[in-house]
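Notes follow the structure.
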Amino acid sequence: GQSGCGKSTLCNCISGLIPRVYTGHLSGEVLIYGDNIKNLSIADTVTRIGIIFQNPSSQLFSPTIEDELAFGPENLCVEREEIGIRIEKILKTINMEKYRYDNPNNLSGGQQQLIAIASVLMLNPSILICDEIMSWIDHEGKEIIKNLLLKLKEDGKTIIMVDHELENIKIADRIIYLGGQ
């Protein structure tokens, strides 16, 4: 759908950010595997649903990529050794091993988006919400992200992808168009 039709608002409702983080009234229910999202703890929510935003700088805040990737699992009390294994695996998956100790602020927009995706994947959510994640990305970066999303889909992840460019959503099994305000 067009800008302003409610795509991001829908993503924020599905992920539980509305009404937990953003003010607003949510009428109805969002059920994740039969559980109402309002009744889930934040820890349960982030391990079931991960959300990646259009602007990666809104998600990145740590001084190094390693710290950024470790932040979520550390807050869920994942063992340090397991966190290290996950970091190595995800950096290899997105071909960014050499940037492990770099500051995310020194990366290109596309690289930052890959790190934002990786930080969400560190929590191993079964549902991944992608809210216009390719808007800052060049063609090569878009192909990397599309291939990653296809692999995640093959691995059984549910992917909810919001995008206004039809080319970016050709990987979808189903397309829903939002219109109106």
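How much net charge surrounds Gly84 when only other residues with a Cβ under 15 Å from its Cβ are counted (Lys, Arg +1; Asp, Glu -1)?
-4
Please enumerate, by chain and number, the aspartates and glutamates with C-alpha under 14 Å from the C-alpha of Lys153, excluding those fewer than 8 residues away in the same chain.
The qualifying aspartates and glutamates are Asp173.
Which distance in nm do the two modelled labels at Arg174 and Asp155 give, with both placed 7 Å along the Cα-to-Cβ direction?
Computed distance between label sites Arg174 and Asp155 equals 2.4 nm.
What ³J(HN,Hα) values, in whole Hz, does the Karplus curve 6.51 cos²θ - 1.76 cosθ + 1.60 give for the stretch 13-25 when θ = phi - 60°, with x put for Gly and Pro?
5, 4, 7, x, 5, 9, x, 5, 9, 9, 6, x, 10
Please name whichever of Ile87, Gly34, Asn103 sits farthest to the positive end of the charge dipole of the chain, dipole taken about the Cα centre and charges placed at Cβ: Lys and Arg +1, Asp and Glu -1.
Value: Gly34.
Just to check I understand the Karplus step: with θ = phi - 60° and J = 6.51 cos²θ - 1.76 cosθ + 1.60, what whole-Hz values come out for the stretch 97-109, glycine and proline as x?
Result, ordered by residue: 4, 6, 9, 3, 9, 7, 7, x, 5, 8, 8, 5, x Hz.
Could you name the lysines whose alpha carbon sits less than 21 Å from that of Lys98, not counting residues in the same chain fewer than 8 places away?
Result set, ordered by chain and number: Lys89, Lys142.
Cα-based Rg (one decimal) and Dmax (whole number) for the stretch 7-169, in Å?
Using the Cα atoms of the stretch 7-169, the pair Rg, Dmax is 15.4, 46 Å.
Name the longest site-free stretch of the chain, where the excluded sites are GluC sites (Glu not before Pro) in a DSSP loop with no more than 15 other beta-carbon atoms within 10 Å. Write out the running numbers ahead of the final one.
On the way: sites that count: Glu29, Glu79, Glu165.
No qualifying site falls inside 80-164, the longest such stretch.
Show the residues, 5+ positions off or on another chain, whose built amide H is closer than 5 Å to the amide H of Leu128.
So Leu128 has HN proximity to Gly50, Thr158, Ile159, Ile160.
Values quoted throughout were computed directly from the atomic coordinates according to the rules given, and no laboratory measurement underlies them. These figures come from a predicted structure and were not determined experimentally. In this analysis, Cβ positions are derived from the backbone assuming ideal geometry, glycine residues included, and neighbour counts consider all displayed protein chains.
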